[in-house]
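Here the structure is laid out as structure tokens; the discussion comes afterwards.
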Amino acid sequence: MADTISKAVVTAVAPEVDKSNWEWVEVPELDSFGTPHSGVSVNFEQFRPGRHFLAPELAFTVKDLLLKKLRADQRVFQKNTDQVALRLMQKNGPQKKG
Amino acid sequence: MSQYQAVAEQYGIILRLSDLAELTSKHDVVGRALYVLGLHAAETYDILIFNVLAAASNVYYPNSKTSSATLVASDKVGYVDLTALHANLMDQGGRPFDDGDYVFVVAPQVNASMLQDPDFKASNQFGKPERIWRGEVQELSGWRIVKTNAPGFAYVAQTTSGYADKVFYSFAIARNAYQISDLQNLRVYAAAPGGQTDVLQQNRKIGYKFAFKAIITNQNWITAVISAGQNTKNHA
């Protein structure tokens, strides 16, 4: 007879996940243009508008993606030059390569 | 057809060569200046696109990691990741490029780790060994692999306490995922010495300018892949 184990037993022995340090992350309903926010994804897991209760590392990444999306939306209507790009060019551009 | 509004940014550099510099230099300073300016312009263009793509809303980490802060040397991109990314882009309705593949843009160190992927080696060692000889992955699992050493693709050092490894950005892209403005072509301008303000013909001016904007027009068709590279070492 094959070894089997019931779902109830699995539930009983599975360690409880400590969620005391988890946090809520909110994906807004609308983006900077007033259109529905398309959400973000990490490893194909979608985080659509609404509140999500996430482990700290994942929460950090989702918040970072939301911040990047906000900045990217703002960049669309900014005419000032991309300072990050210019700094990178100073650091790694052709002047350094000779 | 969708229309997008954006405000263009303008980039450029101008440099002045004196007559003495031209007269006393052992090499062709004008030719060299034109070459460096052209390279500078092209790399600036590349970084501007990189910075837009790096803000993609969808990210993927190998080995189910959920943050670049805890990536380790073994978190490299391989065949398994490419198959998953390919399936996801197809699910999202991403259109392939003309050759039927999606495009995966990688830094040299990520390309090196893919060259050492056992699945890549096994699938090419008998049929297409020239890929191994040349160090070009070229095509794998429906992806056209493009390696680049453009400045934007330089590694990012982890800043998390206890982690100081090198991590790299790659981009998995379907057709029309992002758009670039076509307002003003990249062009290098050169003006010979002379004129009312330079009667002694002491100044030669060379420069370039271009107006630019890039925007991601479909977030579902691009994924930023953050991984270790071949030279990523675990901290002690």
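The values are calculated or read from the model by the stated rules, or taken from the named source; none is laboratory data. Every value quoted in this text rests on a predicted model; they were computed, and no experiment measured them. Note that we place each Cβ from the backbone using ideal geometry, even for glycine, and neighbour counts take in every protein chain shown.
When B:Gly78 is tested against the conditions (1) within 19 Å of A:Gln83 (Cα to Cα); (2) touching a Pro at 6+ places or on another chain (Cβ under 8 Å); (3) more than 8 Å from chain A (Cβ to nearest Cβ), the lone failure is (1).
All of A:Leu88, A:Leu65 fail the test of being buried (at least 18 other Cβ atoms within 10 Å of the Cβ), at pLDDT below 95 and part of a helix (DSSP H, G or I), apart from A:Leu88.
In the range A:46-58, the residue that is nearest to B:Val59 (Cα to Cα) out of those that are more than 9 Å from chain B (Cβ to nearest Cβ) and among the charged types (D, E, K, R) is A:Arg48. Pull up the range B:1-53, narrow it to residues that are closer than 14 Å to B:Ala214 by Cβ and among the aromatic types (Phe, Trp, Tyr), then point me to the one that is modelled with the lowest pLDDT. This residue is B:Tyr4. Inspect the range B:41-49 for any residue being more than 9 Å from chain A (Cβ to nearest Cβ) and hydroxyl-bearing (Ser, Thr, Tyr) and give the result as yes or no. Within the range B:41-49, one or more residues are more than 9 Å from chain A (Cβ to nearest Cβ) and hydroxyl-bearing (Ser, Thr, Tyr).
Cβ-Cβ distances below 9 Å connect no pair with a first residue in the range A:30-44 that is in contact (Cβ under 8 Å) with a residue 40 or more places away in the chain and within 7 Å of another protein chain (Cβ to nearest Cβ), a second residue that is assigned to a loop (DSSP other than H, G, I, E, B) and not small (Gly, Ala, Ser), and a separation of six or more residues or different chains. The criterion of at least 2 residues that are touching a Leu at 6+ places or on another chain (Cβ under 8 Å) and farther than 30 Å from B:Ala122 by Cβ is met by the following helices (runs of 4 or more DSSP H) wholly inside the range B:18-109: B:29-53. Tell me, please, whether a residue that is modelled with pLDDT under 85 and within 13 Å of chain A (Cβ to nearest Cβ) can be found in the range B:183-204. Yes: the range B:183-204 contains one or more residues that are modelled with pLDDT under 85 and within 13 Å of chain A (Cβ to nearest Cβ). Looking only at residues of the range A:74-85 that are in a helix (DSSP H, G or I) and at the interface with another protein chain (Cβ under 9 Å from one of its Cβ atoms), we find that the one that is nearest to B:Gln5 (Cα to Cα) is A:Val76.
Quick check on the range B:27-40. Is at least one of its residues buried (at least 18 other Cβ atoms within 10 Å of the Cβ) and touching an Asp or Glu at 6+ places or on another chain (Cβ under 9 Å)? No: the range B:27-40 contains no residue that is buried (at least 18 other Cβ atoms within 10 Å of the Cβ) and touching an Asp or Glu at 6+ places or on another chain (Cβ under 9 Å).
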